[in-house]
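The values are calculated or read from the model by the stated rules, or taken from the named source; none is laboratory data. Quick caveat: nothing in here was measured; it's all calculated off a predicted structure. Glycine gets a Cβ as well: all are built from the backbone with ideal geometry, and neighbour counts include every protein chain shown. What goes into the accessible areas is simple: the full protein's heavy atoms, side chains included, and nothing from ligands, DNA or RNA. Shrake-Rupley method; radii C 1.70, N 1.55, O 1.52, S 1.80 Å.
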Amino acid sequence: MALPAPPILDPQALGSLPTLTDEILEEIFLHLPTPADVARASAACTPFRRIITARSFLRRFRTIHPPPLLGFAAYEGFHPAQPPHPSAPLARAFADAADFSYSFVPPGRWPTPWRPRDVLQGRVLLECTPDCDPGFEYYATVLLRDLDLAVCDPLSRRYSLLPSIPKTLRGQHKHLIDFGVFFAPTGEDEDETAFRVVCVACNKTMVVVFEFSSITGQWHIPAYLSCSSLGTVMPDSRYSSSCRDHEQGRFYWMVPWRNKLLVLDVFSMEISIVNSNLANYHMHDSGKPLIVLGRDRTPEVFFLADCFGDGPTDIIRITKENGSGSSDAWQLENMISLPTQYNYFTLGAAEGFLFLRGTLQDQNSEYSSGYSSEDSSENSAHLSAEAPDVEYLSLDVKTSERKKVCVMKRYFHTVFSYFGYPPPLAKPTI
């Protein structure tokens, strides 16, 4: 019996086969158990790498595998997560590929180094100021006219130098100081290399919002607010605490008066004051209070407290009362106890985590009182050899799980958490 003739394939169907194959491979890669497996698949062959490094794939990948914590950007470089932290292998690959000395960024106006002010989505916001006394970095305030800013991508080594805020804008409000500089969330329909920077400045009578767009390349003033209700004390930009809400497009500050929250809607550019009435709670002077978004995306305030007289080893959580229409109705939600053999200092909060610095109490007597991470370079080697181990920790506010991220010989007052991926799972952001 004669064999049947082979089917004649439709040329149009033949043309769709490679696309179908790419779609199937993409689904397979998305279902690999870990990001490390995806990175290994990317190295297998050129077609696999082409699929995995496509922006469309990486967008889907990030929704399934949110970027992990890789470490901290600080005054003098990047400090990756160390074993046994689960991100340690990715963090080491990232640290080897990135340049956190910012050597690729041209110098600013001042003979001082660039240093980070914010980190978001693979970008680092840098500042250069006239005075850069490292020992007082945490408490510094900067006149707006003296502030140089740049945005860079340490992985791709791309950068953008921001123009100074024009005198025509600054001149409308006298003696403005930097109260906060940060990245604003971008819209879903905006290009992935576009970014916005917001600078909130103030004097004794006014809070002024300046916004820079990488699309227009210009600064403008979208919002301002009289701060007479805040009192006449000039705020300290480095002692305020903040929290960014990507979903709702809001940015929260707890200002130094501690019984007020400033809320900036970065999409509508409306700024308002919330009377949080937190002055009733004693906040131990071991770092700034931290703000994290709760389950219903309302701000929750965390701060260290000394509840038993043995140092600040408890974290107090303050939340809004359920169903209360009053902005002053806050309540003690719970208390998270920490190991009592450590002295702690709050560093920041992001992505549902609090970040703390901890040192063993019996090792801390000489260094915790005065030694700063940013002591003079001529003494740094001697101090590093003698200084005790300083642990940098993360605390998941949902589960109260505490993890050691890394250990250093430095007492940093300010660090910026970096969530992301090493190549090939990261694309240039500028």
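Each residue in the stretch 396-413 was checked for being surrounded by fewer than 21 Cβ atoms within 10 Å (Cβ to Cβ) and either part of a strand (DSSP E or B) or of a type in the set (S, T, N, Q) (or both), and 9 pass. None of L25, L126, L30 is free of Cβ contacts under 8 Å to residues at least 60 places away in the same chain and under 30 Å from P163 (Cα atoms) except L126. Restricting attention to the stretch 149-207, the residues that are buried (at least 21 other Cβ atoms within 10 Å of the Cβ) and among the aromatic types (F, W, Y) add up to 3. Here the condition is being more than 27 Å from K403 (Cβ to Cβ), among the hydroxyl-bearing types (S, T, Y) and open to solvent by less than 40 Å² (accessible area, probe 1.4 Å); of T53, T46, T21, it holds for T53 alone. Within the stretch 104-123, the residues that satisfy the criterion of being under 21 Å from the mean Cα position of the chain (by Cα) and surrounded by fewer than 20 Cβ atoms within 10 Å (Cβ to Cβ) are P113, Q121. Here Y102 fits the description: hydroxyl-bearing (S, T, Y) and modelled with pLDDT of 95 or more.
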